[in-house]
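Okay, structure first, notes after.
The values are calculated or read from the model by the stated rules, or taken from the named source; none is laboratory data. Quick caveat, the model's predicted, so the values are computed rather than measured. Heads up, the Cβs are rebuilt from the backbone with ideal geometry, glycines too, and the neighbour counts pull from every protein chain shown. All accessible areas refer to the heavy atoms of the entire protein, side chains included, with ligands and DNA or RNA removed. Shrake-Rupley method; radii C 1.70, N 1.55, O 1.52, S 1.80 Å.
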Amino acid sequence: MSRVVSLLLGAALLCGHGAFCRRVVSGQKVCFADFKHLCYKMAYFHELSSRVSFQEARLACESEGGVLLSLENEAEQKLIESMLQNLTKPGTGISDGDFWIGLWRNGDGQTSGACPDLYQWSDGSSSQYRNWYTDEPSCGSEKCVVMYHQPTANPGLGGPYLYQWNDDRCNMKHNYICKYEPEINPTAPAEKPYLTNQPGDTHQNVVVTEAGIIPNLIYVVIPTIPLLLLILVAFGTCCFQMLHKSKGRTKTSPNQSTLWISKSTRKESGMEV
């Protein structure tokens, strides 16, 4: 239940009403504020020739310490949809192009019946959540699964294609989505994330992590507390010593007087008239 709440919160933080609107960039890893959320990366390619097969997508994710996306529940599905909406918002130049996810079928010849039950997650997840489009999976030679991303396509007989799942031949070329464990030592958030490669150029884009503002402030402030205490103690000690010395200089001895007064009576000189 807590994971569902976290995922819904992540979707709200991504671009919610009155919240910081996180810009999703192709090839950039995105993490969320509380380090309980998993991290994700959308790999979108403008050029069809740059898109990859299911196995290539899987290896690309694993080479960076992640896995091809598995989806635990509807909340995580909605989070991914929010990220894709942010990635493809008007003006980005990003449009149609399905995304590989980590669901696939390891079997031959199944055309009906038990076929849908044979699909499994490549990362070993036991999640039974599915978001198939109408009449999918079609099975046969189509064993690997994509998330439909055709914003410009007209709705089909089963309704809109967007974000629902379809099985496809594993050697087809598509974009892909990676999933990573939460960051332990995330990098500080940058106002303008820096990528050495332009989004969509290649799946070898440098990974840049976005993290929440509050947790990063905690990571900055906590290590400085001992130093601040040390400075405070040193400053207090210095002030105490200066005050003590100041009192020593101004204190008057009881046997001394600040004025010199002669004890002998001065003889008055005679005055001539």
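Working only within the stretch 51-104, note down all residues that are open to solvent by 20 Å² or more (accessible area, probe 1.4 Å), among the aliphatic types (A, V, I, L, M) and more than 16 Å from His174 (Cβ to Cβ).
Listed by number, the list holds a single entry, Val67.
Scanning the stretch 25-50 for residues that are modelled with pLDDT of 85 or more and among the hydroxyl-bearing types (Ser, Thr, Tyr), which turns out most open to solvent (accessible area, probe 1.4 Å)?
Within the stretch 25-50, the match that is most open to solvent (accessible area, probe 1.4 Å) is Ser49.
Condition check ((1) under 21 Å from Val30 (Cα atoms); (2) assigned to a loop (DSSP other than H, G, I, E, B); (3) touching a residue at least 40 places away in the same chain (Cβ under 8 Å); (4) in contact with a strand residue (DSSP E or B) (Cβ under 8 Å, 6 or more places away or on another chain)) across all residues:
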{"residue": "Gln77", "(1), (2), (3), (4)": "yes, no, yes, no"}
{"residue": "Glu81", "(1), (2), (3), (4)": "yes, no, yes, no"}
{"residue": "Lys89", "(1), (2), (3), (4)": "yes, yes, no, no"}
{"residue": "Asp123", "(1), (2), (3), (4)": "yes, yes, yes, yes"}
{"residue": "Gln128", "(1), (2), (3), (4)": "no, yes, no, no"}
{"residue": "Asp135", "(1), (2), (3), (4)": "no, yes, no, no"}
{"residue": "His149", "(1), (2), (3), (4)": "yes, yes, yes, yes"}
{"residue": "Ala153", "(1), (2), (3), (4)": "no, yes, yes, no"}
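Taking the options Tyr176, Tyr163, name whichever one is hydroxyl-bearing (Ser, Thr, Tyr), within 20 Å of Cys61 (Cβ to Cβ), touching a residue at least 24 places away in the same chain (Cβ under 8 Å) and in a loop (DSSP other than H, G, I, E, B).
Unique residue meeting the criteria: Tyr163.
Would you call Glu191 modelled with pLDDT of 75 or more, open to solvent by 60 Å² or more (accessible area, probe 1.4 Å) and acidic (Asp, Glu)?
For Glu191, the condition - modelled with pLDDT of 75 or more, open to solvent by 60 Å² or more (accessible area, probe 1.4 Å) and acidic (Asp, Glu) - is not met.
Hey, among the residues in the stretch 126-147 that are modelled with pLDDT of 95 or more and among the hydroxyl-bearing types (Ser, Thr, Tyr), which one's surrounded by the fewest Cβ atoms within 10 Å (Cβ to Cβ)?
Looking at residues that are modelled with pLDDT of 95 or more and among the hydroxyl-bearing types (Ser, Thr, Tyr), I get Ser126.
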